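The values are calculated or read from the model by the stated rules, or taken from the named source; none is laboratory data. Worth saying up front: this structure is predicted, and the values here are computed from it rather than measured. Note that each Cβ is placed from the backbone with ideal geometry, even for glycine, and that neighbours are counted across all protein chains shown.
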Ligand SMILES: [Zn+2]
């Protein structure tokens, strides 16, 4: 981490739903924030499908989840959370989505972008949520080539947003991780932030245990793993 000393670097986390970032990279966001990075969250959907409770009103859930996400971000030291409010569960790959991501990349000028690994479609025991796949794909395309291509979205130039080159991408939930961050020092913060998402968590102890089993090594250390892409 020496090379990062003295420089303020920015990280932008692009996630489909409120709570995805906590699972994916919250330990790293908290750790690097402590080391001087500025982290921002960009949440693409409104989280309105995150309940099967027949008594839950989507408008109410949207407000609740937004509040939960902001509380989680505060715990981690994330500077600000932005919401795009696409309808939960209905994200498709579109020009609008890529443009909206490029807008925030050009606005915030992150050194690193964190997002979903779009290549993960199925595992042995799960199907990756389509919002995760489309957001991950759009995030990659926003980073390269669109954010750095000046004529890409004329409407963004009209807003005064000039091209920006992101230098690193970190994808969580990747079948091919090539980079890990020891988040033992911020593990408690990751868990606290995750547990802010009360509307989504019905068995907090079970969740924490599953996460521990997944991310704790035999040496007792906790690690978040990413597919890291260094762009030149
Ligand atoms: Zn999600």
Open item on the list: Testing residue 104 on (1) closer than 26 Å to residue 163 by Cβ; (2) within 11 Å of the chain's Cα centre (by Cα), one condition comes back false. Which one is that?
Closed with: (2)
- [ ] Enumerate the strands (runs of 3 or more DSSP E) found wholly within the stretch 6-99, keeping only those where 2 or more residues are within 13 Å of the ligand (Cβ to nearest atom).
- [x] 10-15, 38-45
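Could we say that residue 72 is crowded, with 24+ Cβ neighbours inside 10 Å and under 18 Å from residue 139 (Cβ atoms) here?
No.
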- [ ] State whether one or more residues within the stretch 132-142 are buried (at least 16 other Cβ atoms within 10 Å of the Cβ), in contact with a strand residue (DSSP E or B) (Cβ under 8 Å, 6 or more places away or on another chain) and more than 30 Å from residue 36 (Cα to Cα).
- [x] yes
TODO: Identify, by number, the condition in (1) without any contact (Cβ under 8 Å) to a residue 60 or more places away in the chain; (2) assigned to a helix (DSSP H, G or I); (3) within 16 Å of the ligand (Cβ to nearest atom) that residue 171 doesn't meet.
DONE: (2)
Open item on the list: Just to be sure I understand, how many residues within the stretch 100-133 are within 16 Å of the ligand (Cβ to nearest atom) and free of Cβ contacts under 8 Å to residues at least 60 places away in the same chain?
Closed with: 10
Task: Counted residues, the stretch 103-128 - those being assigned to a loop (DSSP other than H, G, I, E, B), surrounded by 17 or more Cβ atoms within 10 Å (Cβ to Cβ) and at pLDDT 95 or above - done: 5
Open item on the list: Please go through the stretch 150-163 and give me each residue that is surrounded by fewer than 17 Cβ atoms within 10 Å (Cβ to Cβ) and over 17 Å from residue 96 (Cβ atoms), ordered by number.
Closed with: 150, 151, 160, 162
Open item on the list: Filter the stretch 197-232 down to the residues that are part of a loop (DSSP other than H, G, I, E, B) and either within 16 Å of the chain's Cα centre (by Cα) or closer than 14 Å to residue 32 by Cβ (or both) and list them by number.
Closed with: 197
TODO: Among the numbered conditions (1) in a helix (DSSP H, G or I); (2) farther than 24 Å from residue 67 by Cα, tell me where residue 191 comes up short.
DONE: (2)
